[in-house]
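Notes for the one structure printed next.
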Amino acid sequence: MASYNVEEVEERIKKFWEKEKIYKFDIKRKGKIYSIDTPPPTVSGDMHIGHAFSYSQQDFIARFRRMFDNNIFYPFGTDDNGLPTEKLVERINKIKSKEMSRSEFIKLCLKTLKNITPDFIKQWKDLGISADYDICYSTIDKNSQKISQKSFIELFKTGRIYKKNFPSIWCPECQTSIAQAELEDKELQSFFSTIKFESEGKVLPIATTRPELIPACVAVFVNLSDERYKKFIGKKAKVPLFDYDVPIFADKSVEIEKGTGVMMVCSYGDKFDVDAINRYKLEPRVIFNYNGTLNFGKYKGMKILEARKKILEDLDKEGLILGKKQISHFVNVHDKCGTEIEFLPTEQWFIKILDKKKILISEGKKIKWYPKFMYKRYENWVNGLEWDWNISRDRHFGVPIPVWNCINCKETILPEEKELPVDPLEKKKICPKCKRVAEPETRVLDTWATSSLTPQLASSLIGNRIKLPYSLRPQAHDIIRTWAFYTIVKSYLHEKKIPWQNVMVSGFVRLKGEKMSKSKGNVIKPKEVIQKYGSDSMRFWAAGSKLGEDLNYQEQDLIAGKKFVTKLFNASKFVFMNMRKTKPKKPKKLEKIDELFLSELNRAISATTTRFKEYNYSGARLVIEQFFWKDFCDYYLEMVKKRIYKGKSNEKLSAQYTLYQSLLSILKLVAPIMPFITEEIYQTYYRKHEKEKSIHLSGWPKYEKFSEKNDWGVLVKNISLVRQAKTQKQIPLNSISDVITIPVKEYKIIKTYEEPFISVSGALVIKAGKEFKIDFPEVKVK
RNA sequence: GGUCCUGUAAGCUAAUGGUAGACUACAUCCUUGACGUGGAUGAUGCGCAGGUUCGAUUCCUGCCAGGACCACCA
């Protein structure tokens, strides 16, 4: 152990942990179980820095709890179900899923996943995430499919799940319906064109950003109190270019000031149109195919944007455009692909949730959110819900909806539980009523319908021994409206329970205040950071900001962690350089200064423990950092050095005992944040004297009441004054000083610790006086 | 438009109703038997305006700036 080789040590320690199964969950271990509903990362090529950030933060808590509570359930999972995986597989294999059969594509997905998942998970191991990787699920594995399908069947049987033909949010790119939670805003440049509609020979101008919807127009709305258009109410309007009539209604939702004050209702431009068409029982004119092309006339087959351009040209030719201006506005897009969404009438499966908004809010309130304000985001989301949860997706790769439909009698046929998991496409079912072959449901479940069951998925791997609520759900704030929300929904609907007692919500990593994204090209790869600085440093960095706060990434911040590792390494080397061969027993009488330092240690343990318990890992880091570097290294070590070198045996033993114990405690306090270096030091110096085979399995340091006296502070202050004086005089810190005068009030305290004080200050005489003063021997001028 | 979060040194980040503390960078000095990948010292800071208070960086209100989420987007 000459100098600390980060790469070599971390690799070796990692192997040690795996070989010794340090993080293996054992239900028989003593102590209350602390259970964590670990987030399953979406499988992709590389870990994102945001992952490194938030998984480190949850691992601090996991490691703290492992040492504190003794028994921790910390499973691992991967999310590889649904669109992101499909897209990844398409990219890797350079194919299009819709051009393959479902079973072919699924096979390819599973094969691709098998190839890339191990390397992906390895990055979590490299970071030192202390999950039990043997308790590992994938959201697409057979067991997960079974549990997810079982959930569907249960909810269907209780009437929570229904099927409805309804204009739903549709992504023309992914060609599937999606849920409200999957919408995102995107700013787009667009033309706001005023189009000439007519009614009885008079002009009715309508402004729109979506002229391609003109042929889908089924009504025109004006405001009842709008003097300009009042006279048209009840009459017909002629739709330009397409030459058919639509009714003109008065509707109070029309804002007089907006656009021209006249609006067209199309099937379907937005949620408002859906609502309006229902209210007035209008016959929709659906002009889009599922793939986002138009379905009629000369525009047939054109993509929406293409058709928009063409229709504008045609309108222009006919002199039907009254005005045109460029605007930028926000539109709803699909969060996975950024495509503008449409509303298309399709038959979809829904979980009814709108009637449970109130209770879902009160369920959310029962959970402790860290930081607290994150609860508000949940509440806002639930309050703003306008759709039931659409759980069907027209995709290939996902958990199949376990249903057959009888076309004849409309009966929905469910599988038996023992048949699960089942792919209806692969199995024939006969309608029990009509005795005819039923049609298999072709769609799959929304990926959240499965990942909202992560507590059950993980628990199922150990015989369902972990019950709701779990102790902790760690996650980032972007998925409060999805993962957190849906998990609360399912736990309530199935068990009438909250899924977890606590939620800790991490912030985001930013770069110069900006969100990192591939498109901006400002992505930092944790792999490379770890290679350069080590996992301990990476984790130390992740502990640098409060829970829930975003953190600006800058490479120089990694230096602090790296230095801290070196310091721990060197301090430990020093301590054991002067240690006896056997474990130093507690002497009958401790030196005063050792006693004082142990009491300071007590204080630090107490502060760290409190902070970790409150998920305040950054506060904990601050305390330990300060205590180890300043109090332990800069002051205590300096004070005991000489005694260690040449003290009498009992004096020496007192120092050795104190050093041994306090360093061990410090290492334990640091262990949740820096698991590698602390394990390395533990194995090198402590293992032969201590019974636990890993520091991470050792008990959290205990603390007792400590005195409120501030002797340590006084001592530190005076030593600091001595150093200040020497620095000002530009002389070495170990130089001798003649007389040090201490203020009367503090003199008594210093006198109590005279030996260590003299040892550090090099004073020949200490005396009481009015104020602090230091005299140096006269230096003869050459 | 609504809800929420954040504004502290050059950068990053704490605590606090009473002298604002680390870290990185910077400057000066110190090579002493753990560590120069070190030690010591130093300089620079509470977004703006009111209010409550003996006293506000902290509590309240407004404003400004940044961010998140939602709504609207004819």
Output for the range A:448-473, where each listed residue is of a type outside the set (A, V, I, L, M, F, W, C) and open to solvent by 20 Å² or more (accessible area, probe 1.4 Å): A:Gln456, A:Ser460, A:Gly463, A:Asn464, A:Arg465, A:Lys467, A:Pro469
In the range A:474-503, residue least open to solvent (accessible area, probe 1.4 Å) [restricted to those that are out of contact with any helix residue (DSSP H, G or I) (no Cβ under 7 Å at 6 or more places or on another chain) and within 13 Å of A:Lys368 (Cα to Cα)]: A:Trp500
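Before we move on, is A:Lys418 open to solvent by 60 Å² or more (accessible area, probe 1.4 Å), in contact with an Asp or Glu (Cβ under 9 Å, 6 or more places away or on another chain) and at pLDDT 90 or above? Walk me through how you get there before you give the answer.
Working: open to solvent by 60 Å² or more (accessible area, probe 1.4 Å): yes; in contact with an Asp or Glu (Cβ under 9 Å, 6 or more places away or on another chain): no; at pLDDT 90 or above: yes.
For A:Lys418, the condition - open to solvent by 60 Å² or more (accessible area, probe 1.4 Å), in contact with an Asp or Glu (Cβ under 9 Å, 6 or more places away or on another chain) and at pLDDT 90 or above - is not met.
Which one is farthest from RNA strand B (Cβ to nearest atom) among residues in the range A:541-588 that are closer than 18 Å to A:Phe508 by Cα and of a type in the set (Ser, Thr, Tyr)?
Kept after step one, since they are closer than 18 Å to A:Phe508 by Cα, are these residues of the range A:541-588: A:541-555, A:557-558.
Applying the additional criterion that residues be of a type in the set (Ser, Thr, Tyr) yields A:545, A:553.
Working: A:Ser545: 4, A:Tyr553: 8 Å.
The extreme case among them is A:Tyr553.
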The one condition in (1) assigned to a helix (DSSP H, G or I); (2) within 16 Å of RNA strand B (Cβ to nearest atom); (3) open to solvent by less than 50 Å² (accessible area, probe 1.4 Å) that A:Leu601 fails to fulfil: (2)
Some residue of the range A:672-687 being closer than 30 Å to A:Met538 by Cβ, part of a loop (DSSP other than H, G, I, E, B), among the charged types (D, E, K, R) and out of contact with any Leu (no Cβ under 8 Å at 6 or more places or on another chain): yes
Among the candidates A:Glu755, A:Glu771, residue that is in contact with a helix residue (DSSP H, G or I) (Cβ under 9 Å, 6 or more places away or on another chain), more than 14 Å from RNA strand B (Cβ to nearest atom) and among the acidic types (Asp, Glu): A:Glu755
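With A:Lys573, A:Lys585, A:Lys589 as the choices, which residue is farther than 24 Å from A:Lys702 by Cα, over 30 Å from the mean Cα position of the chain (by Cα) and at pLDDT 90 or above?
Values: A:Lys585 fails: farther than 24 Å from A:Lys702 by Cα; A:Lys589 fails: farther than 24 Å from A:Lys702 by Cα.
Going through A:Lys573, A:Lys585, A:Lys589 in turn, just one is farther than 24 Å from A:Lys702 by Cα, over 30 Å from the mean Cα position of the chain (by Cα) and at pLDDT 90 or above: A:Lys573.
How many residues are among the polar types (S, T, N, Q) and in contact with a Ser or Thr (Cβ under 7 Å, 6 or more places away or on another chain) when one looks only at the range A:133-154?
Initially, the range A:133-154 is screened for residues among the polar types (S, T, N, Q), giving A:138-139, A:143-145, A:148-149, A:151.
Next, from what is left, pick out any that are in contact with a Ser or Thr (Cβ under 7 Å, 6 or more places away or on another chain): A:138-139, A:143-144, A:148.
Residues in the range A:133-154 being among the polar types (S, T, N, Q) and in contact with a Ser or Thr (Cβ under 7 Å, 6 or more places away or on another chain): 5 in total.
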Pair list, Cβ under 8 Å, 6 or more apart: the range A:101-112 residue open to solvent by 20 Å² or more (accessible area, probe 1.4 Å), other residue outside any helix (DSSP H, G or I) and hydrophobic (A, V, I, L, M, F, W, C): A:Ile106/A:Phe397; A:Leu108/A:Ile95; A:Leu108/A:Met100; A:Leu110/A:Ile140
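Across the range A:713-727, what is the total count of residues that are more than 6 Å from RNA strand B (Cβ to nearest atom), open to solvent by 40 Å² or more (accessible area, probe 1.4 Å) and out of contact with any Phe, Trp or Tyr (no Cβ under 8 Å at 6 or more places or on another chain)?
First, pick out the residues of the range A:713-727 that are more than 6 Å from RNA strand B (Cβ to nearest atom): A:713-719, A:721-722, A:725-726.
Next, from what is left, pick out any that are open to solvent by 40 Å² or more (accessible area, probe 1.4 Å): A:717, A:721.
Among the residues that remain, those that are also out of contact with any Phe, Trp or Tyr (no Cβ under 8 Å at 6 or more places or on another chain) are: A:717.
Adding up the residues that qualify gives 1.
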Long-range neighbours under 9 Å by Cβ, at least six apart or interchain, first residue within 21 Å of A:Lys562 (Cα to Cα) within the range A:10-32, second of a type in the set (Phe, Trp, Tyr): A:Glu10/A:Phe676; A:Ile13/A:Phe676; A:Lys14/A:Phe676
Cβ-Cβ under 6 Å pairs, at least 6 apart or on other chains, the range A:722-749 side without any contact (Cβ under 8 Å) to a residue 12 or more places away in the chain, far side outside any strand (DSSP E or B) and surrounded by 17 or more Cβ atoms within 10 Å (Cβ to Cβ): A:Leu733/A:Lys726
Subset of the range A:526-561 that is touching a residue at least 60 places away in the same chain (Cβ under 8 Å) and open to solvent by 50 Å² or more (accessible area, probe 1.4 Å) - its residue that is nearest to the chain's Cα centre (by Cα): A:Lys546
Restricting the range A:382-402 to residues that are among the acidic types (Asp, Glu) and either more than 14 Å from RNA strand B (Cβ to nearest atom) or at pLDDT 90 or above (or both), the residue that is farthest from A:Ile359 (Cα to Cα): A:Asp394
For A:Cys434: the one exception among (1) within 36 Å of the chain's Cα centre (by Cα); (2) at negative phi: (1)
Tabulated pairs, the range A:467-483, first in contact (Cβ under 8 Å) with a residue 60 or more places away in the chain, second near RNA strand B (Cβ under 10 Å from one of its atoms), C-beta under 6 angstrom, 6+ apart or interchain: A:Ile480/A:Arg377; A:Ile480/A:Tyr378; A:Arg481/A:Ala181; A:Arg481/A:Trp381; A:Thr482/A:Ala181
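Can you work out which of the residues in the range A:693-719 that are basic (Lys, Arg) and not in a helix (DSSP H, G or I) is modelled with the lowest pLDDT? Walk me through how you get there before you give the answer.
Residues of the range A:693-719 that are basic (Lys, Arg), as a first pass: A:693, A:702, A:705, A:709, A:717.
From what's left, not in a helix (DSSP H, G or I): A:693, A:702, A:705, A:709.
Working: A:Lys693: 95, A:Lys702: 91, A:Lys705: 73, A:Lys709: 79.
Out of the qualifying residues, it is A:Lys705.
Rundown of residues vs (1) out of contact with any helix residue (DSSP H, G or I) (no Cβ under 9 Å at 6 or more places or on another chain); (2) modelled with pLDDT of 90 or more; (3) away from RNA strand B (no atom under 11 Å from the Cβ); (4) open to solvent by less than 10 Å² (accessible area, probe 1.4 Å), yes/no style:
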site: A:Glu212; (1), (2), (3), (4): no, yes, yes, yes
site: A:Pro215; (1), (2), (3), (4): no, yes, yes, yes
site: A:Phe221; (1), (2), (3), (4): no, yes, no, yes
site: A:Gly234; (1), (2), (3), (4): yes, yes, yes, no
site: A:Lys238; (1), (2), (3), (4): yes, yes, yes, no
site: A:Pro247; (1), (2), (3), (4): yes, yes, yes, no
site: A:Ala250; (1), (2), (3), (4): no, yes, yes, no
site: A:Thr260; (1), (2), (3), (4): yes, no, no, no
site: A:Asp275; (1), (2), (3), (4): yes, no, no, no
Residue ID - farthest from RNA strand B (Cβ to nearest atom), chosen from residues in the range A:325-357 that are of a type in the set (D, E, K, R) and part of a loop (DSSP other than H, G, I, E, B): A:Lys352
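The values are calculated or read from the model by the stated rules, or taken from the named source; none is laboratory data. In this text the structure is predicted, and so the values were computed from the model without any measurement. Because the Cβ atoms are built from the backbone with ideal geometry, glycine has one as well, and the counts that use them run over all protein chains shown. These accessible areas exclude ligands, DNA and RNA; they are computed on the full protein's heavy atoms, side chains included. Shrake-Rupley method; radii C 1.70, N 1.55, O 1.52, S 1.80 Å.
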